[in-house]
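Participant: Below: one structure in structure tokens.
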Amino acid sequence: MPVFPRLLRGTPATLARLARQLRAGELVAVPTETVYGLAANALDARACRKIFTAKGRPADDPLIVHIHSLAQLSQVAEVNAAALKLAKKFWPGPLTLVLPKKAVVPDVVSAGLPSVAVRMPSHPLFRKLLKLAGVPLAAPSANPFGYVSPTSAEHVRAGLGKKIRDILDGGPCAIGLESTIVDLRDPRRPRLLRPGAVTRVELERALGVSVKSAPTPGRARRGAQLAPGLLARHYSPRTRVTLHAQLSPSAAGRSSPREAWIFLAKPADLAGKNIFWLDARGNLRGAARRLFATLRRVDALGFDRIHVELARGEGLADAINDRLRRAAAK
Ligand code: TXA
Ligand code: MG
């Protein structure tokens, strides 16, 4: 008797079996270069409903549809020239495009919206699985709704273990933050809905027009249904999080051992069971990659409060700080 959930290596036989299961309407947790996803056949409403149940996700929060080819893009969405430009430049990769939806995509996927979010991921195992499945796969992050996103197969097991059977283990996620989402319904007025590893400046350069910034967490209004997932509070540990523009090693050193301190870079001459950092040298890519794993690890240690240092600069720093602001929101 296998013990569920199973962590599976991506052998050809396993990938073929998982592809069959997906086509038959079952859920499979999958690795992507951003975060792990909980996948179902995007053209099967019944299968996609299981995602909402497993995650405890409200039905008004739409899913991202993952594709293997540009042919699948035009299968699910009305494509425009701006979308093709970005697809050519950034796919496969951590960019999601919001476009007018085609009728084959069930309403449960788009939460009733006339648009659909589409992404072509680059993780080699997920790409193989998409190809074998032969259908687009809807997949939100594979975590219980509202908690920190998973960046390893072990995180998925810890969060959804009782709700799912199969987790395809593709190792730790290379990027570690969810994809950038850009709304291209009106290609002349692209809007950033969620910052990620593809930056606003890169999008502007590729499109040749300005791209409106993502709303600051806390000010995004749910009722507007622009990006319903842009809740002020999201990606949140259970422990209270307090953000700081800069952390002082001496203040951290003098603090109560019940308070945790997460620095961006390794602080010099400071050590302790309550001292953490995202990247030894403060490199933003490394910090992004380890952000969620660090928040989870520190959350599990049961501190009274977690102090976190915000990233400085633009681009990837915006994406890191966006997630931190949501983690800290009340
Ligand atoms: O990197 C990622 O994007 C990961 C991996 C698994 O691909 N997926 C992910 O999915 O982060 P999720 O469900 O956690 O976040 C999807 C976001 C939500 O905030 C949702 O509101 C937004 O995409 N979204 C989906 N469809 C939309 C639409 N039609 N219009 C606006 N926003 C949409
Ligand atoms: Mg999510």
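Participant: I'd like the full set of residues that are part of a loop (DSSP other than H, G, I, E, B) and in contact with a strand residue (DSSP E or B) (Cβ under 8 Å, 6 or more places away or on another chain), limited to region 284-311.
Facilitator: Those that are part of a loop (DSSP other than H, G, I, E, B) and in contact with a strand residue (DSSP E or B) (Cβ under 8 Å, 6 or more places away or on another chain): LEU301, PHE303, ASP304, LEU310, ALA311.
Participant: Can you name the residue in region 259-285 that is among the charged types (D, E, K, R) and closer than 26 Å to ASP322 by Cα and is also farthest from the chain's Cα centre (by Cα) among such residues?
Facilitator: Here the answer is GLU259.
Participant: Given the conditions (1) in contact with a helix residue (DSSP H, G or I) (Cβ under 6 Å, 6 or more places away or on another chain); (2) within 15 Å of ligand 2 (Cβ to nearest atom), which single one is not true for ASN41?
Facilitator: Going through (1) in contact with a helix residue (DSSP H, G or I) (Cβ under 6 Å, 6 or more places away or on another chain); (2) within 15 Å of ligand 2 (Cβ to nearest atom) one by one, ASN41 breaks only (2).
Participant: Taking ALA117, is it small (Gly, Ala, Ser), part of a strand (DSSP E or B) and in contact with a helix residue (DSSP H, G or I) (Cβ under 6 Å, 6 or more places away or on another chain)?
Facilitator: Working: small (Gly, Ala, Ser): yes; part of a strand (DSSP E or B): yes; in contact with a helix residue (DSSP H, G or I) (Cβ under 6 Å, 6 or more places away or on another chain): no.
Spelling it out, it is not the case that ALA117 is small (Gly, Ala, Ser), part of a strand (DSSP E or B) and in contact with a helix residue (DSSP H, G or I) (Cβ under 6 Å, 6 or more places away or on another chain).
Participant: Can you tell me which of (1) modelled with pLDDT under 90; (2) not in a helix (DSSP H, G or I) is the one ASP186 doesn't meet?
Facilitator: Answer for ASP186: the failing condition is (1).
Participant: Turning to a different aspect of this structure: Kindly provide the set of residues from region 120-171 that are of a type in the set (Val, Ile, Thr) and not in a loop (DSSP other than H, G, I, E, B), ordered by number.
Facilitator: Taking region 120-171 and keeping what is of a type in the set (Val, Ile, Thr), we get 135, 148, 151, 156, 164, 167.
Answer for region 120-171, where residues must be of a type in the set (Val, Ile, Thr) and not in a loop (DSSP other than H, G, I, E, B): VAL156, ILE167.
Participant: In region 189-236, what count of residues is obtained for those that are modelled with pLDDT under 65 and charged (D, E, K, R)?
Facilitator: Number of matching residues: 3.
Participant: Something else about it: Please tell me if VAL30 is over 27 Å from GLY171 (Cβ atoms) and surrounded by 20 or more Cβ atoms within 10 Å (Cβ to Cβ). Explain how you work it out, then say what you get.
Facilitator: Details: over 27 Å from GLY171 (Cβ atoms): no; surrounded by 20 or more Cβ atoms within 10 Å (Cβ to Cβ): yes.
Spelling it out, it is not the case that VAL30 is over 27 Å from GLY171 (Cβ atoms) and surrounded by 20 or more Cβ atoms within 10 Å (Cβ to Cβ).
Residues checked against (1) touching an Asp or Glu at 6+ places or on another chain (Cβ under 9 Å); (2) at pLDDT below 95; (3) not in a strand (DSSP E or B):
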site	(1), (2), (3)
PRO2	no, yes, yes
CYS48	no, no, yes
LEU86	no, no, yes
PRO92	yes, no, yes
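Participant: Looking at region 4-46 only, could you name the residues that are of a type in the set (Gly, Ala, Ser) and either in a loop (DSSP other than H, G, I, E, B) or within 15 Å of ligand 1 (Cβ to nearest atom) (or both)?
Facilitator: Within region 4-46, GLY10, ALA24, GLY25, ALA29, GLY37, ALA39, ALA40, ALA42 qualify.
The values are calculated or read from the model by the stated rules, or taken from the named source; none is laboratory data. Because the structure is a prediction, the values reported are computed rather than measured. All Cβ positions, glycine included, derive from the backbone under ideal geometry; neighbour counts span all protein chains shown.
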